[in-house]
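A.B. asks: Sharing a structure below in structure tokens format, with a few things to ask.
Coordinate-derived values only; no laboratory data. Worth saying up front: this structure is predicted, and the values here are computed from it rather than measured. Positions of Cβ are backbone-derived with ideal geometry, glycine not excepted, and every protein chain shown enters the neighbour counts.
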Amino acid sequence: MKNVNHKRKAIDILLVHAPIDKKYLDVNVVYAPPLALLSIQGYLENNGINETIKIIDGTISSQEEIIDIINAEKPRIIGVSTQLLSYKNTIEIALAGKKCNSTIILGGHQASHLSEEIITNRKGIIDVVIVDNGEIPFLKLCQGIKYEDIEGITYFDKEKNRVIKNNACPIHIDESSYYAKVDFDYSIYRKKYIIKERPIITNNYRRIVSHKGCGYRYKSRCEFCGRYGNKVSYISPVKYWQLFNDYNLDEKDFVFDVGDDFLFNQKWLSELVAQKDKSFNKDVKIGIFGRIDEIDKTTIDLIKKIGVFDITAGFESGDKTVIKSANKGIYDTTYYIRQTELLLRNGIFVTPSYVLGLKGETEQSLANTLKQAEKVKSVTKVITGYPPHEIVANLVEPLPGSPAFSMLQKYFPKKYLKQDVLEMEDLQKDYFSIVHNLNSEKEYYLFRKLLAEYGKEINKLVGVYDTEGWLRDER
């Protein structure tokens, strides 16, 4: 292996979480490295890849720094986790890599949905798009296996002169849970993990994933949901608690489970409880995503034993008319408050997440949403003595794969069909023009300004928020 300055090995495999376009507001509560890339690194190392692997996080490092690293290191392979807001930077990263003769591999939800469009439009720049689960295809790519023999990838076949999308790669979530063993320097994230006025530990913050997929996606996909795939796969309870041991966690640490819907499978929750006594006897606090309508006495008893301390739940809106457009199934907005109170009385905090700008949104509906958010804050302080950990107010994003994006492709086929470069503000503007009947630049500007004003008011209730979809100057 080639040495650099005789001190370390050169980077052979560079895994990049691409930075988003500076035009847009980036998340501001990044306390851990990108789990998808950690998972790939852990899987490669566990399966005999001895090359030097490095992760670069675009929420920490700038685009310029990433390109400088590529130019200096000339990695054999560059894997990029991309999203709609980072795709232009992803192309720039790929171009830099191609100048260094790197193989460029893309992954992520947007890349999965648009794999054929990406390979068609970026032929010669992007070599492979991994569709859905990345660990197994990435390993086989590193091993030099022929593209036609790798499940779960899209690529351009020069001999056939066409884009090929191979069959899907099955989910093997137990076999891809090695990220907790990766030797990674968390110190830069630790410095950002400063929490005020809340009963939450301030030691180490880690991420895990208990399952892939959402149990509701194949039934009634949310209007704005751009997640890929419609199958659900849960990690085995033994493997789940092994992650906590691999991280060497204790009572002063906090873990956030990034799975879409932790509460969907009550049988699995029961098995987690049964396994905990055998595998992990510490009371680590856990944050999860979950639907508020999945909460009942049995579920609460189970998740308390597991260690769940906070649930981020999609409230979407505090207005009955608007929430119907989100396809959530529960339209009684007072129900969300009652469920919040139930959880709080059982020692479980609730982080409500709102999506502004959906069909039916008006100034009155926004006022109703703000009022509901204020109620959540009020009942949380009364019951616990603390405010909610966070209140989220996103602007609706018509992401590829969502019903909203499909609608845009239908109304604006020339603009959105067969395209891989998409501008979020254009998507939002066109979405608003359809669902809110906005016919002029002035109407769009005034409506967006109204949404931004209410979004800021909601965020100010707590002051800690992971808000997405906004232009940077709207905050």
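A.B. asks: So, R0 is 35 Å and r is the distance between the beta-carbons of Asp332 and Tyr445; what FRET efficiency does that work out to, to 0.05? Write out the running numbers ahead of the final one.
C.D. replies: Details: r = 34 Å, r/R0 = 0.97.
With R0 = 35 Å, the Cβ-Cβ based efficiency is 0.55.
A.B. asks: Bin by bin, in steps of 10 Å, what percent of the Cα pairs in region 3-155 do you find, going until the bin that has the longest distance?
C.D. replies: Histogram of Cα-Cα distances, whole percents per bin: 11, 44, 37, 8, 0.
A.B. asks: Follow-up. Would you mind working out the magnitude of the charge dipole of the chain relative to its Cα centre, with +1 at each Lys and Arg C-beta and -1 at each Asp and Glu C-beta, to the nearest 20 Debye?
C.D. replies: On the way: 67 positive and 64 negative charges, 12 e Å.
Using only the charged Cβ atoms, the result is roughly 60 debye.
A.B. asks: Separate question: Mind checking which of Gly318, Tyr336, Asn346 is farthest towards the positive end of region 311-373's charge dipole, using Cβ charges of +1 (Lys, Arg) and -1 (Asp, Glu) about the Cα centre?
C.D. replies: Result: Asn346.
A.B. asks: Which of the peptides 152-161, 392-401 is most tightly packed, and how do the rest follow, judged by the mean count of other Cβ atoms within 10 Å per residue? Mind dumping the intermediate values first?
C.D. replies: On the way: 152-161: 15.9, 392-401: 24.0.
Ranked by mean Cβ neighbours within 10 Å, highest first: 392-401, 152-161.
A.B. asks: Once you place label points 7 Å from the Cα toward the Cβ at Ser270 and Leu417, how far apart are they in nm?
C.D. replies: The two pseudo-label positions are separated by 5.0 nm.
A.B. asks: Per residue of the chain, what 222 nm ellipticity follows from adding -39500 (n - 2.57) for every DSSP H run with n ≥ 4, rounded to the nearest 500?
C.D. replies: On the way: 18 runs with 187 residues, N = 475.
Taken over the chain, the calculation gives -11500 deg cm²/dmol.
A.B. asks: Suppose the chain between Lys460 and Ala367 were pulled fully straight at 0.36 nm per residue; how much longer would it get relative to their current alpha carbon spacing? The partial results should precede the final answer.
C.D. replies: Details: separation 93, 0.36 × 93 = 33.48 nm, distance 1.46 nm.
Going from the current span to full extension adds 32.0 nm.
A.B. asks: Taking Rh as the Kirkwood radius computed over C-alpha pairs, what is the Stokes-Einstein D of region 194-474 at 20 °C in a medium of viscosity 1.002 mPa s, expressed in µm² per second?
C.D. replies: On the way: Rh = 19.9 Å.
Roughly 107 µm²/s, to the nearest whole number.
A.B. asks: In addition: Counting other beta carbons within 10 Å of each residue's own, what order do Ser433, Ser270 fall into, fewest first? All intermediate terms of the calculation are to be shown ahead of the outcome.
C.D. replies: Numbers: Ser433 18, Ser270 15.
Ranking Ser433, Ser270 by Cβ neighbours within 10 Å, fewest first, gives Ser270, Ser433.
A.B. asks: Which of the residue pairs Lys181/Lys278; Lys320/Lys442; Lys377/Lys442; Lys88/Lys442; Lys140/Lys282 have a Cα-Cα distance greater than 31 Å in the structure shown?
C.D. replies: Working: Lys181/Lys278 21 Å; Lys320/Lys442 28 Å; Lys377/Lys442 34 Å; Lys88/Lys442 28 Å; Lys140/Lys282 37 Å.
Flagged as over cut-off: Lys377/Lys442; Lys140/Lys282.
A.B. asks: Could you derive backbone 3J(HN,Hα) for region 120-129 from the dihedral phi with the Karplus parameters 6.51, -1.76 and 1.60 (θ = phi - 60°), listing whole Hz in sequence and x where the residue is Gly or Pro?
C.D. replies: 5, 7, 10, 4, x, 10, 9, 7, 9, 10
A.B. asks: Just need the relative contact order of the chain here, percent rounded to a whole number, with Cα pairs under 8 Å and 6+ apart.
C.D. replies: Working: 890 pairs, mean separation 68.6, N = 475.
Relative contact order here is 14 percent.
A.B. asks: Under a 5 Å amide H to amide H cut-off, with H placed in plane at 1.01 Å, what residues pair with Leu356 once short-range neighbours are removed?
C.D. replies: Distant-sequence amide H within range of Leu356: Asn394, Leu395, Val396.
A.B. asks: How large is the translational diffusion coefficient of region 398-451 in µm² per second when you combine the Kirkwood radius over alpha carbon pairs with Stokes-Einstein at 20 °C and 1.002 mPa s?
C.D. replies: On the way: Rh = 11.5 Å.
Calculated translational D: 186 µm²/s.
A.B. asks: No partner Cβ under 4.7 angstrom, meaning no disulfide-compatible partner by this rule: which Cys of the chain qualify?
C.D. replies: Among the cysteines of the chain, those whose Cβ sits 4.7 Å or more from every other are Cys100, Cys142, Cys169, Cys214.
A.B. asks: Within 10 Å of each residue's Cβ, count the other Cβ atoms and sort Met424, Met407 from fewest upward. Intermediate results must be reported in sequence, preceding the final value.
C.D. replies: Details: Met424 23, Met407 17.
Going from least to most buried by this count: Met407, Met424.
A.B. asks: A follow-up question, please. 5 Å is the cut-off here: which amide hydrogens, built 1.01 Å from N in the peptide plane, fall below it relative to Arg207, excluding neighbours closer than 5 in sequence?
C.D. replies: Amide H neighbours of Arg207: Phe256.
A.B. asks: Return the subset of Lys191/Lys276; Lys324/Lys429; Lys324/Lys414; Lys165/Lys328; Lys328/Lys381 for which the Cα-Cα distance in this structure is over 25 Å, preserving the input order. Numbers along the way, then the final one.
C.D. replies: Working: Lys191/Lys276 31 Å; Lys324/Lys429 21 Å; Lys324/Lys414 30 Å; Lys165/Lys328 33 Å; Lys328/Lys381 27 Å.
Where the Cα-Cα span goes over 25 Å, the pairs concerned are Lys191/Lys276; Lys324/Lys414; Lys165/Lys328; Lys328/Lys381.
A.B. asks: Right, something else. Expressed as a rounded percentage, what relative contact order does region 3-155 have, with Cα pairs under 8 Å and six or more residues apart?
C.D. replies: Details: 257 pairs, mean separation 36.1, N = 153.
Relative contact order for region 3-155 comes out at 24 percent.
A.B. asks: Now, a different point. Under a crude label model (7 Å from the Cα following the beta-carbon direction), how far is Lys297 from Lys22 in nanometres?
C.D. replies: Distance between the two pseudo-spin positions: 5.8 nm.
A.B. asks: So how far, in whole Å, is the C-alpha centre of region 404-429 from the one of region 342-380?
C.D. replies: Centre-to-centre (Cα) distance: 30 Å.
A.B. asks: With a ≥ b ≥ c the root eigenvalues of the C-alpha gyration tensor of the chain, is it rounded (a/c under 1.5), prolate (a/b larger than b/c) or oblate? Intermediate results must be reported in sequence, preceding the final value.
C.D. replies: Values: a/c = 1.69, a/b = 1.19, b/c = 1.41.
Verdict is oblate for the chain.
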